[in-house]
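Following: one structure in structure tokens, then a few remarks.
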Amino acid sequence: YGDLDIYRVTFNNVEPKYSVIKGEILSSDTTKKVSYPDVFITVTDTKTQEVFGNYVPNSNTGRYVIIVPPGKYHIDLQLPGFKNYSEDVNVLDKDDFKTEINKNIALTPEK
């Protein structure tokens, strides 16, 4: 009678925690250098099919940072002279929440 009862509370007005997807863009072929100012990253929400955001990496280091709420996203990366890179990312919330997701991207040169 109240001593060992299990309760569950859901807070509807709580903002979701955001996760940071970050990493570095590299070339899988060390002889072909990546021109960072020409890299274009598009993040799409797979549930709504809407573009969540467009990003560019740091022009000197090739490092990028994307901040997203929990959900499923599709990342497309385009760079002339390299094959397009595409990947699905699942950003979890609640118990499986991660504040940072490290994702280095190695681009393959077109032949």
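Ignoring the sites themselves, what is the longest stretch of the chain with no GluC sites (Glu not before Pro) in a DSSP loop and at most 16 other beta-carbon atoms within 10 Å?
The segment 51-109 is the longest one with no such site.
Expressed as a whole percentage, what fraction of the accessible surface of the chain belongs to carbon and sulfur atoms when a 1.4 Å probe is rolled over the protein heavy atoms?
Of the solvent-accessible surface of the chain, carbon and sulfur hold 48 percent.
Which order do T44, T108, T30 take when ranked by solvent-accessible area (1.4 Å probe, heavy atoms of all protein chains), largest first?
Most to least solvent-accessible, the answer reads T30, T108, T44.
Using a 1.4 angstrom probe, figure out how much accessible area the chain has per residue, in square angstrom, rounded to the nearest whole.
On a per-residue basis, the chain sits at 74 Å².
Taking a 1.4 Å probe, which of K83, K33 shows the most accessible area, and what order do the others take after it?
Of K83, K33, the descending order of accessible area is K33, K83.
Can you give the accessible area of L79, probe radius 1.4 Å, in Å² rounded to 10?
Roughly 10 Å² of L79 is accessible to a 1.4 Å probe.
Could you work out how much longer the chain between F11 and S35 gets when fully extended? Use 0.36 nm per residue separation minus the Cα distance between them, nm to one decimal.
My answer for the length gained is 4.1 nm.
For Y64, Y18, Y36, give me the order by solvent-accessible area with a 1.4 Å probe, most accessible first, ignoring ligands, DNA and RNA.
Order by accessible area, largest first: Y18, Y36, Y64.
Under 8 Å for C-alpha pairs, at least 6 residues apart: give me the relative contact order for the chain, rounded to a whole percent.
Result for the chain is 34 percent.
List nothing, just return the count: lysine pairs in the chain, 8 or more apart or interchain, with Cα separation under 20 Å.
Lysine pairs meeting the criterion: 20.
What full-extension length gain, to one decimal in nm, is calculated for K83 and V51 as 0.36 nm per residue of separation minus the Cα-Cα distance?
Net length gain for the segment: 9.4 nm.
Return a whole-number percent for the relative contact order of segment 61-111, with Cα pairs under 8 Å and 6 or more residues apart as the contact set.
33 percent.
Please list the radius of gyration and Dmax for segment 44-111, considering alpha-carbon atoms only, with Å as the unit.
Answer for segment 44-111, Rg first and Dmax second: 13.4, 44 Å.
The values are calculated or read from the model by the stated rules, or taken from the named source; none is laboratory data. This structure is a prediction, so every number in the text was calculated from the model and none was measured. Cβ: placed from backbone, ideal geometry, glycine included. Neighbour counts: every protein chain shown. These accessible areas exclude ligands, DNA and RNA; they are computed on the full protein's heavy atoms, side chains included. Shrake-Rupley method; radii C 1.70, N 1.55, O 1.52, S 1.80 Å.
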